[in-house]
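What follows is a short report on a single structure.
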Amino acid sequence: SPYLERFPANKEELFKYDLIVLGDVDPRQLGAEQQRNLNEFVARFGGSLLMIAGKRFSPGAWRNTPIEQLLPVEFDAINAAAVAAAGEGSSSKPVKLALTTQGRTSTMLRLADKEEDNLALWKNLPPIYWVAKVSRAKPGAEVLLVDTDPLKASRFGPMPVVAVQQYGLGQTLFVGTDNTWRWRKNVGDEVYTTFWGQIAQRLALPHVTGGSRRTQLTLDRQNFVSGERVSVYARLYRAGFEP
């Protein structure tokens, strides 16, 4: 089976992976230690976390947890039981999405080779009918896709739907809708698999190509000229992934 029976219980199990995807998961399914391990997996071990929003738990139920610290968006806490009881589901009103300037240049959201073709594809995608309510993107996060409804905007701009940020050595991505399956309408899996495949590749690749899992080397900047002094930072982990 390609599915895990349970979430990795300790660092030794968790740190074998490159990318962790959380859907509409009840935070109570992960213990306090597992949540701390996941935070360390991203911040200190260079892994990536992707959260896909859902109508019951994600992201609101993760407020005041180690996972909230990782996410590139700010949001209010929700009462998951009340939401479930109310039967909150998809709206009958379509949600119009738009790429931001960063979204237009992001390889994750590139659905066609030419920019004009990519913009046309995004413009003509089948509509979605639900997005998670968030307050804003965190400082330093990149917003790639927004909800264009002015009623959902804040003084910081349109409401983020897809946002990414660097967190410590790793990366986190928030996708604020569970409706991307609607993009299969009339075209099959082409757009859907391109979107999710590029996201998985972009998030996992830095960790996959990072060499030894127990040895991490980083530089103080990306570009140098001949003769400059270079600062190299090293993190070394013992057995059990203790630094």
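The values are calculated or read from the model by the stated rules, or taken from the named source; none is laboratory data. Computed from a prediction, not measured in an experiment: that's the story for all the values here. Glycine gets a Cβ as well: all are built from the backbone with ideal geometry, and neighbour counts include every protein chain shown. Ligands, DNA and RNA are stripped out before the accessible areas are found, and what is left, the full protein with its side chains, is counted by its heavy atoms. Shrake-Rupley method; radii C 1.70, N 1.55, O 1.52, S 1.80 Å.
Exactly one condition in (1) part of a loop (DSSP other than H, G, I, E, B); (2) at pLDDT 90 or above; (3) surrounded by 10 or more Cβ atoms within 10 Å (Cβ to Cβ) is not met by residue 224; state its number.
Unmet condition: (2).
State which residue is surrounded by the fewest Cβ atoms within 10 Å (Cβ to Cβ) when the search covers only segment 22-37 and only residues that are closer than 17 Å to residue 175 by Cα and of a type in the set (A, V, I, L, M, F, W, C).
In this case the residue turns out to be 25.
Select from segment 38-58 the residues that are of a type outside the set (Phe, Trp, Tyr) and open to solvent by 10 Å² or more (accessible area, probe 1.4 Å) and list them in ascending order.
39, 40, 43, 44, 46, 52, 55, 56
Looking at segment 185-196, can you tell me whether even one residue there is open to solvent by 50 Å² or more (accessible area, probe 1.4 Å), closer than 30 Å to residue 92 by Cβ and among the polar types (S, T, N, Q)?
yes
Select from segment 1-10 the residues that are open to solvent by 30 Å² or more (accessible area, probe 1.4 Å) and not hydrophobic (A, V, I, L, M, F, W, C) and write down the one among them that is modelled with the highest pLDDT.
10
Six or more apart or on different chains, Cβ atoms under 9 Å: show the pairs whose first residue is in segment 203-219 and farther than 13 Å from residue 17 by Cα and open to solvent by 80 Å² or more (accessible area, probe 1.4 Å) and whose second is at pLDDT 70 or above and among the β-branched types (Val, Ile, Thr).
From residues that are farther than 13 Å from residue 17 by Cα and open to solvent by 80 Å² or more (accessible area, probe 1.4 Å), the pairs are 217/232; 219/230; 219/232.
Name the residue, out of 158, 139, that is at pLDDT 95 or above and open to solvent by 30 Å² or more (accessible area, probe 1.4 Å).
From the options 158, 139, the qualifying one is 158.
Looking at segment 186-201, I want the residues that are closer than 24 Å to residue 170 by Cβ and have a partner that is open to solvent by 80 Å² or more (accessible area, probe 1.4 Å) and part of a helix (DSSP H, G or I) with Cβ atoms under 7 Å, at least 6 apart or on another chain. Which pairs are those?
If the second residue must be open to solvent by 80 Å² or more (accessible area, probe 1.4 Å) and part of a helix (DSSP H, G or I), the pairs left are 198/107.
Starting from segment 155-179, keep only residues that are at positive phi and without any contact (Cβ under 8 Å) to a residue 24 or more places away in the chain, then list their pairs with residues that are hydrophobic (A, V, I, L, M, F, W, C) and open to solvent by 10 Å² or more (accessible area, probe 1.4 Å) whose Cβ atoms are within a distance under 8 Å, requiring at least 6 positions of separation or different chains.
Partner pairs satisfying both residue conditions: 157/143; 157/146.
Among residues belonging to segment 111-136 that are farther than 22 Å from residue 58 by Cβ and basic (Lys, Arg), point out the one that is least open to solvent (accessible area, probe 1.4 Å).
Step by step, filter segment 111-136, then rank; the result is 114.
Mind listing whichever residues of segment 59-80 are without any contact (Cβ under 8 Å) to a residue 60 or more places away in the chain and either of a type in the set (D, E, K, R) or open to solvent by less than 10 Å² (accessible area, probe 1.4 Å) (or both)?
Correct list: 62, 63, 67, 68, 76.
Being at pLDDT 95 or above and hydrophobic (A, V, I, L, M, F, W, C) is the filter here; which residues of segment 23-56 pass it?
Answer for segment 23-56, where residues must be at pLDDT 95 or above and hydrophobic (A, V, I, L, M, F, W, C): 38, 49, 50, 51, 52, 53.
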